[in-house]
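The values are calculated or read from the model by the stated rules, or taken from the named source; none is laboratory data. Since the model is a prediction, treat every value here as computed from it, not as a measurement. In this analysis, Cβ positions are derived from the backbone assuming ideal geometry, glycine residues included, and neighbour counts consider all displayed protein chains.
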Amino acid sequence: MHDDRLDLDAYTLDRRHFLWVATAASAALLMTPEAFAKELTKTPTQTEGPFYPDRLPLDRDNDLIVIGKSLTPAVGTIVHLTGRVIDTNGAPVRGADVEIWQVDNRGSYIHSRGANRRRGRDPNFQGYGKASTDEKGRWRFRTIRPVPYGGRTPHIHVIVKKGRRRLLTTQLYIKGEQRNARDFLYRRIRTQAERNLITLDYKKVKDSKIGEQTAHVDIVVGVTPKDPKPKK
Ligand SMILES: [Fe+2]
């Protein structure tokens, strides 16, 4: 009896030891060089503001320059706005929805209370658009370079969603824009690193006869929601 108990204790001890070794070994396996890499800074959040469209336009695609099959494009400097949605480890977030909205060249939102009273609206600007991220987390829009309105520095509003879950709400600014320094919301961004994440470098497209520009931004979200399980 006594011996049995001893044996049992020995077994328990060994098993614990085995489990500890196994856990340590698995942890070591997980410690690839990437695990030691610094996490990316999350894209800072900013207020949604009052002008998310109260009625979404019929055309909600990622080309804000042309509504439906209209032949007249929106007025403004055309910008090819591209980016990725990634997590803090740099992994792409697939199948996320990126929504943007901004004022037209006259400083008006498509929101029913968002029109510039003096200048009215550009009837050819979509004002809002939506794009989904591909397998590499990429998305793109064709829109106009944002202009200032109502005391705000130029900006584009962005929401990133995965399914119904909102991952991020923020605003994108223009690098080198002097109004940034005076903008009450821009000034709320705490650090230069965070400011850099939402301040985009607008570059001229070489040889574009109509002065098109490009801007790129990687949006870093804190949580990677699991991809939905495939239906059987
Ligand atoms: Fe705004």
(request) Within the range 90-101, track down each residue that is without any contact (Cβ under 8 Å) to a residue 60 or more places away in the chain and more than 16 Å from the ligand (Cβ to nearest atom). (result) Gly90, Pro92
(request) Collect the residues in the range 102-131 that are on the phi > 0 side of the Ramachandran plot and within 16 Å of the ligand (Cβ to nearest atom), keeping them in residue-number order. (result) Gly107, Gly127
(request) Would you check which residues across the range 66-89 are over 27 Å from Asp218 (Cα atoms) and either charged (D, E, K, R) or within 16 Å of the ligand (Cβ to nearest atom) (or both) and list them? (result) Lys69
(request) Can you run down the residue pairs with Cβ atoms below 6 Å, 6 or more apart or on separate chains, where the first is in the range 38-51 and under 15 Å from Arg166 (Cα atoms) and in contact (Cβ under 8 Å) with a residue 24 or more places away in the chain and the partner is more than 16 Å from the ligand (Cβ to nearest atom) and of a type in the set (Val, Ile, Thr)? (result) Lys42/Val220; Thr43/Ile219; Thr43/Val220
(message) Every residue in the range 142-187 that is away from the ligand (no atom under 16 Å from the Cβ) and more than 16 Å from Pro44 (Cβ to Cβ), please.
(response) Arg142, Lys161, Lys162, Gly163, Arg164, Arg165, Gly176, Gln178, Ala181
(message) Can you tell me which residue is farthest from Arg187 (Cα to Cα) among those in the range 8-67 that are of a type in the set (S, T, N, Q) and at pLDDT 95 or above?
(response) Asn62
(request) Restricting attention to strands (runs of 3 or more DSSP E) lying wholly within the range 40-152, give those where 1 or more residues are of a type in the set (S, T, N, Q). (result) 78-87, 128-132, 138-144
(request) Return a yes/no flag: does the range 171-184 have any residue that is over 22 Å from Val75 (Cα atoms) and crowded, with 21+ Cβ neighbours inside 10 Å. (result) no
(message) Quick check on the range 185-232: of everything there that is among the hydrophobic types (A, V, I, L, M, F, W, C) and surrounded by fewer than 18 Cβ atoms within 10 Å (Cβ to Cβ), which residue is modelled with the lowest pLDDT?
(response) Val223
(request) Name, by its number, the condition in (1) touching a residue at least 12 places away in the same chain (Cβ under 8 Å); (2) surrounded by fewer than 22 Cβ atoms within 10 Å (Cβ to Cβ); (3) within 27 Å of Lys209 (Cα to Cα) that does not hold for Leu71. (result) (1)
(request) Considering (1) in contact (Cβ under 8 Å) with a residue 12 or more places away in the chain; (2) within 21 Å of Arg142 (Cβ to Cβ); (3) in a loop (DSSP other than H, G, I, E, B), say which one Asp207 fails and leave the rest. (result) (1)
